[in-house]
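The values are calculated or read from the model by the stated rules, or taken from the named source; none is laboratory data. All of these numbers come straight from a predicted model, not from anything done at the bench. Because the Cβ atoms are built from the backbone with ideal geometry, glycine has one as well, and the counts that use them run over all protein chains shown. The accessibility values were calculated without ligands, DNA or RNA, using every heavy atom of the protein model including side chains. Shrake-Rupley method; radii C 1.70, N 1.55, O 1.52, S 1.80 Å.
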Amino acid sequence: MGIFSKDIETLDDLFVHQLQDIYYAEKQILKALPKMIEKATAPELKSGLTAHLAETQGHIERVEQVFEMHGATAKAVDCPAIDGILKEADEVAGDVADKQVLDAAIIASGQAVEHYEMTRYGTLIAWARQLGRDDCAAVLQENLDEEKAADKKLTKLAEGAINAHAAAAE
């Protein structure tokens, strides 16, 4: 047995394991987002994070749908990667005193989360297609599209004013 909860012998096994991984990650993100919203000070950042909180619930529901479509039990497995990203985000936010700099830090942390999710969903989509599960791939694609859009919104916020305000903070 390797680093996984059971030996993974087939691409199907790997697909299900990765689905369990992203399921856990989405649930952890759902718990972390309210804290980020509470700490954010820029109204447009708070609003964007609040909208993504609702999207994240939808992501969880879609992942559950894919489990069902694929005939697997919806179950989460620990994901040390997302735990580390969220822990780092919390630690950095705790170290930032200036609220404008904090908003920039929240965006950076949010983008780290988005990029993790985009890699996982991209991989799951490719594997689903390889397994002949275009139906599962289509559902996962909806999540990937929303993650990419969230990343673009965060970039727009950062480049629009938040990073400039953080740079001007003294």
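Quick notes on this one:
- Residue count, region 132-153 (criterion: of a type outside the set (Gly, Ala, Ser) and either open to solvent by 20 Å² or more (accessible area, probe 1.4 Å) or in contact with a strand residue (DSSP E or B) (Cβ under 7 Å, 6 or more places away or on another chain) (or both)): 11
- Selection from region 48-76 of residues that are in contact (Cβ under 8 Å) with a residue 60 or more places away in the chain and open to solvent by 40 Å² or more (accessible area, probe 1.4 Å): 55, 62, 65, 69
- For region 77-94, filtered to residues that are of a type outside the set (Lys, Arg) and open to solvent by 70 Å² or more (accessible area, probe 1.4 Å), the residue that is farthest from residue 131 (Cα to Cα) is 91.
- Counting residues in region 106-114 that are of a type in the set (S, T, N, Q) and either more than 14 Å from the chain's Cα centre (by Cα) or outside any helix (DSSP H, G or I) (or both) gives zero.
- Unique residue being over 19 Å from residue 56 (Cβ atoms) and in contact (Cβ under 8 Å) with a residue 12 or more places away in the chain when the list is 164, 169, 150: 169
- Residue 28 in contact with a His (Cβ under 7 Å, 6 or more places away or on another chain) and open to solvent by 20 Å² or more (accessible area, probe 1.4 Å): no
- Matching entry among 104, 158 (being open to solvent by less than 50 Å² (accessible area, probe 1.4 Å) and under 18 Å from residue 35 (Cβ atoms)): 104
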